[in-house]
Amino acid sequence: MAREVIRIGVQVKTSDPVETVTDLLAVGLFADGPDPELIRELDKRLGGAIGRVRKLGDFTGKTGTTALLYGSGTGPRRILLVGLGERKKANVETVRTAVTTASSKAVEVKARTAAIAIHYDFPFVREVHAGQIAQMLTEAAYFGAYRWDEYLSKDDNGRPDKITVTILTPGLKARAYGQGVEIGTILGEAQNYARTIMNRPANEVSPEALAGEARKLARQYRNLSCTVLDDKQLAAKKFGGILAVGQGASHRPRLIVLRYRPRKTGAPTVGLVGKAITFDSGGISIKPSEGMQDMKFDKSGGVAVLATMRAIASLKPDVNVVGIIPSAENMPGGGSYRPGDIVTTYSGKTVEIQNTDAEGRMLLCDAIHYATTLGCQAIVDAATLTGACVVALGEWTAGVMGSNEGLVSQLRAAATTTGEKIWELPCGEEYLELMKSKIADLKNTGGRWGGACSAAAFLREFAGKTPWAHLDIAGVGCVDGGKKYSSPGSIGFGVRLLSRFVCDYQPVKAENS
Ligand code: BES
Ligand code: MN
Ligand code: ZN
């Protein structure tokens, strides 16, 4: 690897935006007036430049649009106007996107320092706790400034090595802001860490390499411990699903287990399970070659769990967390599992293989059953599981299914706060019927219709009585985010969501559904 990804730092200051010495000051403008005092002050300072840009119609304040102006003498060297759209439609998401845009632009113009005043005079700002606002602004700054360019060997590829983003605040709330920035930094860094590993190709990230990353985290954080089962240990313990998926590849499968232990005794235990297929060629049921390169992202669920464990180690919630990451490469070869094979999974249930490309569930069923044996009171899995989920919900929203309404609603609440969108889909009895085989306990495909739901119904069978929920992140995890977001590659979906879920976790009662 030729270089490191960009280093990002975020801090808080109470200085006056107009007087702040910085490479770029970002301010927000609504499409409809009146302009707040800050904008009027800036306009005066710039000799009426903001008014002129508006008058020419080059900048209208429409959402997603920006205009760059240049300062003179002291104060900000550049002023970035970021459109916030209509005032009455503005919400937290408006600010989040605007800050992402601003920090991305800052990197684009090679700024070493940037100051954010987009949230000034924002209507909701007075209603939300200052710490939460600062956290959201920090996370957005991290998200927007991120670039994945570690494999470009050229030294100067057009960005600074480090950018420092200053969040400006009009006095008073500086302390709450400081705490928010601290938490936002932990989450922003964890999310970008996830993006880097998700983006790395399969020749760099094998199951073994992923296990190495987990071990590295356990060395860095005293409250994390890591155990890894290799293929021989998996065979001895009869993890038939994981082994079947991995048996065609020369990179051997692994089961990675990361544990976080809080100081408090008697805390509940939550299991996070993440699918980590380092490359999904489809195996013997091989995928079409078009777009196959995106299947390096098929490890995104597992990497989201890995990065969540890292965030949790710093956030230190009073919850025991077990991160379980089954990892394999799904490849065609002389040793591959085949359509027609009957696999005995870790739980003892047998599965008839109809399609080797439905490999995620084969790996997850072992990991979910394993989680139930570790005393988890609740299990949440994240997986780039089905193309059907992408068809149903598109590239913006993940599917959520579960056996326990309380658990699903806690995930929904977490998602609302972090701005990661999830939508519930069913996974009940009718769907399980689709997964029944005549020659084994289950089969691994359920036909064309409702594919995301039947896949979830399959997984549900392996959670037993333990409350379980599943996030199908195929749409948000396996796509190259370049067009919609700040930079090409993964968006690190799930890291903030799962971290938030764990920190806010309230014990759920097992339902007998
Ligand atoms: N990793 C894929 C799911 C996927 C597809 C993610 C497209 C992102 C974009 C998964 O392993 C898979 O291949 N699923 C099959 C299942 C089918 C054979 C029952 C699918 O969805 O086509
Ligand atoms: Mn597949
Ligand atoms: Zn897959």
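The values are calculated or read from the model by the stated rules, or taken from the named source; none is laboratory data. Quantities reported herein were computed from a predicted structural model and do not represent experimental measurements. Every residue, glycine as well, gets a Cβ built from its backbone with ideal geometry; the counts of neighbours run over all protein chains shown. Quick note on the areas: whole protein, heavy atoms, side chains included, nothing else; ligands and nucleic acids left out. Shrake-Rupley method; radii C 1.70, N 1.55, O 1.52, S 1.80 Å.
Regarding Leu374, is this residue surrounded by 16 or more Cβ atoms within 10 Å (Cβ to Cβ) and touching a strand residue (DSSP E or B) at 6+ places or on another chain (Cβ under 7 Å)? Quick ask: steps written out before the conclusion?
Details: surrounded by 16 or more Cβ atoms within 10 Å (Cβ to Cβ): no; touching a strand residue (DSSP E or B) at 6+ places or on another chain (Cβ under 7 Å): yes.
It is false that Leu374 is surrounded by 16 or more Cβ atoms within 10 Å (Cβ to Cβ) and touching a strand residue (DSSP E or B) at 6+ places or on another chain (Cβ under 7 Å).
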Where Ile312 falls short, out of the listed (1) closer than 17 Å to Leu497 by Cβ; (2) in contact with a His (Cβ under 8 Å, 6 or more places away or on another chain): (2)
Residue count, the stretch 152-173 (criterion: at pLDDT below 95 and surrounded by fewer than 16 Cβ atoms within 10 Å (Cβ to Cβ)): 11
Members of the stretch 175-203 found to be within 30 Å of Phe279 (Cα to Cα), part of a helix (DSSP H, G or I) and of a type in the set (S, T, N, Q), listed by number: Gln191, Asn192, Thr196, Asn199
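So which residues in the stretch 251-288 are away from ligand 3 (no atom under 16 Å from the Cβ) and either closer than 24 Å to Arg195 by Cα or among the aliphatic types (A, V, I, L, M) (or both), if there are any at all?
Residues of the stretch 251-288 away from ligand 3 (no atom under 16 Å from the Cβ): 252, 254-272.
Answer for the stretch 251-288, where residues must be away from ligand 3 (no atom under 16 Å from the Cβ) and either closer than 24 Å to Arg195 by Cα or among the aliphatic types (A, V, I, L, M) (or both): Arg252, Arg254, Leu255, Ile256, Val257, Leu258, Arg259, Tyr260, Ala267, Val270, Gly271, Leu272.
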Any pair with Cβ under 6 angstrom, 6 or more apart, that starts in the stretch 327-344 at a residue that is away from ligand 1 (no atom under 15 Å from the Cβ) and ends at one that is open to solvent by 60 Å² or more (accessible area, probe 1.4 Å): Gly335/Gln247
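Looking at Ile353, is it within 15 Å of ligand 2 (Cβ to nearest atom) and either surrounded by 18 or more Cβ atoms within 10 Å (Cβ to Cβ) or modelled with pLDDT of 95 or more (or both)? Working first, answer last.
Details: within 15 Å of ligand 2 (Cβ to nearest atom): yes; either surrounded by 18 or more Cβ atoms within 10 Å (Cβ to Cβ) or modelled with pLDDT of 95 or more (or both): yes.
Considered against the rule, which asks whether it is within 15 Å of ligand 2 (Cβ to nearest atom) and either surrounded by 18 or more Cβ atoms within 10 Å (Cβ to Cβ) or modelled with pLDDT of 95 or more (or both), Ile353 comes out as yes.
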Hey, Asp230 within 16 Å of ligand 1 (Cβ to nearest atom), closer than 30 Å to Ile312 by Cα and in the same structural domain as Glu352 (by TED's automatic domain parsing) or not: no
The lone exception for Gly246 - which of (1) surrounded by 24 or more Cβ atoms within 10 Å (Cβ to Cβ); (2) over 16 Å from Ala214 (Cα atoms); (3) more than 16 Å from ligand 2 (Cβ to nearest atom) it fails: (3)
Neighbours by Cβ (under 9 Å, 6+ apart or cross-chain): first from the stretch 361-373, not assigned by TED's automatic domain parsing to the domain that holds Ala383; second open to solvent by 10 Å² or more (accessible area, probe 1.4 Å) and in a helix (DSSP H, G or I): none
Unmet requirement for Glu204, which otherwise passes all of (1) touching a Leu at 6+ places or on another chain (Cβ under 9 Å); (2) within 29 Å of Gln293 (Cβ to Cβ): (1)
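Residues that are open to solvent by 10 Å² or more (accessible area, probe 1.4 Å): which strands (runs of 3 or more DSSP E) entirely in the stretch 44-119 hold 2 or more of them?
Ranges flagged: 66-70.
Within the stretch 366-380, can one find any residue that is of a type outside the set (A, V, I, L, M) and within 14 Å of ligand 1 (Cβ to nearest atom)? Show your work before the answer.
Pass one, the stretch 366-380, residues of a type outside the set (A, V, I, L, M): 366, 369-370, 372-373, 375-377.
Narrowing the set further to residues that are within 14 Å of ligand 1 (Cβ to nearest atom) leaves none.
No, because not a single residue in the stretch 366-380 is of a type outside the set (A, V, I, L, M) and within 14 Å of ligand 1 (Cβ to nearest atom).
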Residue that is farthest from Pro339 (Cα to Cα), among those in the stretch 436-446 that are within 16 Å of ligand 2 (Cβ to nearest atom) and in a loop (DSSP other than H, G, I, E, B): Gly446
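Restricting attention to the stretch 454-466, which residues are open to solvent by 10 Å² or more (accessible area, probe 1.4 Å) and either within 14 Å of ligand 1 (Cβ to nearest atom) or part of a loop (DSSP other than H, G, I, E, B) (or both)?
Just the residues of the stretch 454-466 that are open to solvent by 10 Å² or more (accessible area, probe 1.4 Å), to begin with: 460-461, 464-466.
Selection gives Glu461, Gly464, Lys465, Thr466.
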Matching residues in the stretch 121-151 - criterion: being at pLDDT 85 or above and open to solvent by 20 Å² or more (accessible area, probe 1.4 Å): His129, Gln132, Gln135, Phe143, Arg147, Trp148, Tyr151
Residue count for the stretch 340-364, restricted to those that are within 15 Å of ligand 3 (Cβ to nearest atom) and outside any loop (DSSP other than H, G, I, E, B): 5
Residue check, Gly291 farther than 18 Å from His470 by Cβ and either within 14 Å of ligand 2 (Cβ to nearest atom) or touching a strand residue (DSSP E or B) at 6+ places or on another chain (Cβ under 8 Å) (or both): yes
Index of the failed condition, Ala304 passing every other in (1) within 18 Å of Met435 (Cα to Cα); (2) away from ligand 2 (no atom under 16 Å from the Cβ): (1)
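Report yes if Arg310 is under 21 Å from the mean Cα position of the chain (by Cα), open to solvent by 10 Å² or more (accessible area, probe 1.4 Å) and under 27 Å from Ala236 (Cα atoms), otherwise no. Before the answer, list the steps.
Numbers: under 21 Å from the mean Cα position of the chain (by Cα): yes; open to solvent by 10 Å² or more (accessible area, probe 1.4 Å): yes; under 27 Å from Ala236 (Cα atoms): no.
Against the criterion (under 21 Å from the mean Cα position of the chain (by Cα), open to solvent by 10 Å² or more (accessible area, probe 1.4 Å) and under 27 Å from Ala236 (Cα atoms)), Arg310 does not qualify.
Given the residues Ser289, Ser285, Ser300, which is the only one that is more than 17 Å from Phe501 (Cα to Cα) and open to solvent by less than 10 Å² (accessible area, probe 1.4 Å)?
Among Ser289, Ser285, Ser300, only Ser300 is more than 17 Å from Phe501 (Cα to Cα) and open to solvent by less than 10 Å² (accessible area, probe 1.4 Å).
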First in the stretch 29-40 and touching a residue at least 40 places away in the same chain (Cβ under 8 Å), second anywhere and open to solvent by 50 Å² or more (accessible area, probe 1.4 Å) and basic (Lys, Arg), Cβ under 7 Å, 6 or more apart: Phe30/Arg87; Ala31/Lys62; Asp32/Arg87
Conditions (1) open to solvent by 10 Å² or more (accessible area, probe 1.4 Å); (2) in contact with a Cys (Cβ under 9 Å, 6 or more places away or on another chain); (3) more than 12 Å from ligand 1 (Cβ to nearest atom): number failed by Leu432: (2)
Conditions (1) over 25 Å from Ala469 (Cα atoms); (2) within 16 Å of ligand 1 (Cβ to nearest atom); (3) buried (at least 18 other Cβ atoms within 10 Å of the Cβ); number of the one not met by His251: (2)
All positions within the stretch 400-421 that are open to solvent by less than 20 Å² (accessible area, probe 1.4 Å) and either part of a strand (DSSP E or B) or acidic (Asp, Glu) (or both): Val400, Met401, Gly402, Glu420
